[in-house]
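First up is the structure itself, then whatever we jot down about it.
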Amino acid sequence: MSKENFDDYLNESLNTLDKDITPRKNLWPGIERAIINAERPTQKHTTIWPKLTAVAACSVAVLIAVNIVFITPEPKPAVAISDYFLAQKNSLLVAYKNQDALTSNWQVQLQELEEAELAIKQVLENEPQNQALLTMLAQIYQQQLDLINKVHAPRWQHI
């Protein structure tokens, strides 16, 4: 059905419609009540839970941000280096535990290197990001590992 046919059909139907249709019951009291209730200010029934939830979520977000920015300590590279080399040193000492050392004073030399390590660590407490001190610490650790290896497994034994 095209638009013109539909418009014609609608106009014809409206013209033939009975204009005096009366409702089965009186509708005016309901309309009057609706108008009176519409004029009254409606009371908003707001609940506190959505607001309380929003405040709690914001508080948690702020606490997390404060924890991340202000409370979390910056990582100390000296601690990471120390842990790594300590594990290496312990594994070497365990591996060479049953082997005889070529020299008898290697533990004195190791003790001197450990004292140098402690001195560098004390200075690093004041300057944890000092790259020269971190390099020196890594060299001390490497010297300790080399000493343990050379005393227990010299190169001439591997030939």
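The values are calculated or read from the model by the stated rules, or taken from the named source; none is laboratory data. Everything quoted here is computed from the prediction, not taken from an experiment. Cβ sites come from the backbone with ideal geometry, for glycine too, and all protein chains shown count toward neighbours. Side chains are part of the model used for accessible areas, which takes the heavy atoms of the whole protein and leaves out ligands, DNA and RNA. Shrake-Rupley method; radii C 1.70, N 1.55, O 1.52, S 1.80 Å.
For the reader, a short list of remarks on this structure follows.
- Scan of region 92-117 for residues that are open to solvent by 100 Å² or more (accessible area, probe 1.4 Å) and either in a loop (DSSP other than H, G, I, E, B) or not acidic (Asp, Glu) (or both), ordered by number: Val94, Lys97, Asn98, Asp100, Ser104, Gln107
- Given (1) among the basic types (Lys, Arg); (2) modelled with pLDDT under 80; (3) over 30 Å from Gln144 (Cα atoms); (4) under 34 Å from the mean Cα position of the chain (by Cα), index of the condition Lys76 fails: (3)
- Cross-chain or 6+ apart pairs with Cβ under 9 Å, region 99-124 first and within 22 Å of Leu137 (Cα to Cα), then open to solvent by less than 90 Å² (accessible area, probe 1.4 Å) and part of a loop (DSSP other than H, G, I, E, B): Gln107/Ala101; Gln109/Thr103; Val123/Asn130; Leu124/Asn130
- Matching residues, region 121-153, being under 35 Å from the mean Cα position of the chain (by Cα) and either open to solvent by less than 20 Å² (accessible area, probe 1.4 Å) or among the aromatic types (Phe, Trp, Tyr) (or both): Leu124, Leu134, Leu137, Tyr141
- Residue satisfying all of: in region 62-91; of a type in the set (Phe, Trp, Tyr) and in contact with a Phe, Trp or Tyr (Cβ under 9 Å, 6 or more places away or on another chain); surrounded by the most Cβ atoms within 10 Å (Cβ to Cβ) among these: Phe85
- Total residues in region 47-61, condition among the aromatic types (Phe, Trp, Tyr) and surrounded by 10 or more Cβ atoms within 10 Å (Cβ to Cβ): 0
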